[in-house]
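Presented below is the structure to which this report refers.
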Amino acid sequence: LCRGGLAERLCRLQNRERSAISFWRHQCISDAKIPSDKSGVLMVRILEIFEECTIQVAICQQLEQSPATLSPEDAVINEEEPILKVLFTKETAAHLKSRPQDVIHIYPPWQKLLLRNADVPVIMNTYFSQKVLLSEHSEAREKTYGLTKMLIRKNIISLAQTFRLDDLDDEFHQESSENWVARAPQIHNKCDSKQHPLALSAVNDSLLEMVESQGAVGWREAQVRVVIQRVYCLPAKQGYRSHVQGNKPLCATPIMNTEPPNVRLCLLVQDAYGMFSEVQLQSLSSIDDIEQYWRRWEGKFCCLSGVKILQRTTRGRALGLFSLIDSLWPPVVPVKVPGQSQDSEMMTTDLPAPSFCYILTVQSGEVHVEVDEEEQISNLYQPPAVHSLKEILQIDGCNERCSFWAQVLYLRLQTKHSVPINQREILLFVTDSTLQNVVHMIPKVVAVSVTASCAVSMEIIEALSVASRLVFFKDALWGNGRIICVERTVLLLQKPLLCSAAGADLSELTGPVRLDELDSTTQANSICALRGTVVGVNESTAFSWPACDRCGNGKLELCPQDRELLYCRQCSEVVITPVLKMQLEVFLSCPSRSQSTVKVKVWHEISFSILNTVGLGRQRVQSVLGKEVGLLNCYVHSVTSHPNCVALEEIVLL
């Protein structure tokens, strides 16, 4: 807040107001409930209660001002006194727990508002109010009422009705104004719908209106209709886990540390006014289940009920969430504008991007997401815009969401030993036809960093451990020259049914994959192709081992039947002609990095023909020096300038 500004002064005033109210209530409790000073006290008897715009409105009959010596039982109703309409804030109403026929004392400074076209005065500023129990019978009745559910009529006043718009559907709002909602009971008890008939609330189309009318405690009977823009998984918070058992309600159970990683199914939804909310649903037993949800739900309308507000977050607090929201803004079709007629459609480009978002979650273990899977895809839905990797590398913005279809060539787990394995980043080196066909200035392979917060299914991990695969990266983050898979990024082996590719070249690779050759622009944590001449060998690091010629298993054992033969447990067979694998650290002279020391760790039987000249035992270095090395696929560990050195490791592409 700006120092000395109106907002800061208002904030201080509200803090002083809350402190004064809390102190007054504490003082009333300490002084035997009723303050002795009755001067200026307005005494009213409640006749009817209803709620409107989160304000509790009480239709009351004013009682005569009684002197201090007169007991409350002697108070009489003055029929000549007009009926009063008393306004209580949500906090005051929760403190009073008022019911019809209750007597309320309202202490100064209350104010009376006389409306021009109304006969009933309105009493405001009722923060200092207290309910009076007139007898022991009333006190016992109060304790009994505290255990039952109080039905309060709630008038839903829309902005269209407030501004008297011409296209207002009178019947709908007349219907919605008759809705009844139940105040939360003081204890957990079952409420029979036959005993307390609650009219089904009309389906709302505004998240903000629903939040304002139902409050932060959530809503059960009320429903809001939204469009599911995205389906993804997030790491669940510590402390609880929800499970689905058929059509039974979700139930909360403690988390055990021995369980698999806990991920929660989440929806990013948007209402008819363009407002977004993130709905956190149940935990999934497997990340692989996410595919069935996005195929069935994404782009469809759904009705939400049984949720509550977990958090109201802003752009500064949730950059990742708002980067995804920004990728869906502006809407593809005109949205409703609060307070304006919907006959004249506004240009969506003129609407400001959302600055806040409500995080909704399960309320009391129950949530209802009614998705009409047979319904057509909503016009408000924005499928992921698929770009080629060449187009993404040319984006100037920062923290931009992007979706692309790429071939994974190599996978590498970051080796930070201080970080647990399940929290380390994974580097995926990918390419597509647009990168393979370029000549200069753009790399042929780019690295995609998959953070620990990005939920990756076991299906993808197992597929990439076998062979190179095409992977669809949905809503990855691009910025500062890097592509990062973070929270709310989804990796899929199958292309989504709905996606928009505006002129992007999505043709598959046809020829062999080419890597960029090592040069002065090569950076650490990248892969490249290398050629040069051997100028030195590090003999202290050289060693060799036999491997299975069928599966490549390097952990062979002596055959139990014949100790002179080797045995492979993976193949369950004797290895007759083992393949000799070796590791050797050599120094190369490379024309592309003539001023640098190039150190390469090689350990594959496929690469160095020079390894065939190296015998077991003492290395015959002289036969290795001067050998020409063809194009090797290498991972770049480090690039330093002092000393000028490049450390690489030979790799095998998927």
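Of note:
- So residue 636, is it modelled with pLDDT of 70 or more and closer than 20 Å to residue 447 by Cα: yes
- Residue in the range 389-400 that is at pLDDT below 90, outside the structural domain of residue 301 (by the TED database) and of a type in the set (D, E, K, R) present: yes
- Those residues of the range 500-529 which are modelled with pLDDT under 75 and not in a loop (DSSP other than H, G, I, E, B), in sequence order: 500
- Any chance residue 569 is open to solvent by 60 Å² or more (accessible area, probe 1.4 Å) and closer than 24 Å to residue 626 by Cβ: no
- Residue 282 assigned to a strand (DSSP E or B) and either surrounded by fewer than 16 Cβ atoms within 10 Å (Cβ to Cβ) or modelled with pLDDT under 90 (or both): yes
- Condition check for residue 552 on (1) on the phi < 0 side of the Ramachandran plot; (2) out of contact with any Phe, Trp or Tyr (no Cβ under 6 Å at 6 or more places or on another chain); (3) open to solvent by 20 Å² or more (accessible area, probe 1.4 Å): one failure, at (1).
- Filter pass, residue 482 being of a type in the set (Lys, Arg) and either over 22 Å from the mean Cα position of the chain (by Cα) or modelled with pLDDT under 85 (or both): no
- Selection within the range 575-619 - of a type in the set (A, V, I, L, M, F, W, C), open to solvent by 50 Å² or more (accessible area, probe 1.4 Å) and modelled with pLDDT of 85 or more: 576, 587
- Residue ID - modelled with the highest pLDDT, chosen from residues in the range 412-445 that are polar (S, T, N, Q) and surrounded by fewer than 17 Cβ atoms within 10 Å (Cβ to Cβ): 437
- Qualifying residues in the range 530-554 (those that are at pLDDT below 85 and among the polar types (S, T, N, Q)) - the one farthest from residue 386 (Cα to Cα): 540
- For the range 446-457, taking the residues that are farther than 16 Å from residue 264 by Cα and within 22 Å of the chain's Cα centre (by Cα), the one that is surrounded by the most Cβ atoms within 10 Å (Cβ to Cβ) is identified as 450.
- Pair list, Cβ under 8 Å, 6 or more apart: the range 459-476 residue under 16 Å from residue 295 (Cβ atoms), other residue acidic (Asp, Glu): 459/288
- Here residue 304 does not qualify as assigned to a strand (DSSP E or B), within 20 Å of residue 330 (Cβ to Cβ) and either in contact with a helix residue (DSSP H, G or I) (Cβ under 7 Å, 6 or more places away or on another chain) or open to solvent by less than 10 Å² (accessible area, probe 1.4 Å) (or both).
- Residue 326 being assigned by the TED database to the domain that holds residue 376, in contact with a helix residue (DSSP H, G or I) (Cβ under 9 Å, 6 or more places away or on another chain) and of a type in the set (D, E, K, R): no
- Looking only at the range 43-81, and only at residues there that are polar (S, T, N, Q) and modelled with pLDDT of 65 or more, the one that is surrounded by the most Cβ atoms within 10 Å (Cβ to Cβ): 56
The values are calculated or read from the model by the stated rules, or taken from the named source; none is laboratory data. On a predicted model such as this, the values are computed, not experimentally measured, just so you know. Cβ atoms come from the backbone with ideal geometry, glycine included; neighbour counts cover every protein chain shown. Protein only, heavy atoms only, side chains kept; ligands, DNA and RNA dropped before computing areas. Shrake-Rupley method; radii C 1.70, N 1.55, O 1.52, S 1.80 Å.
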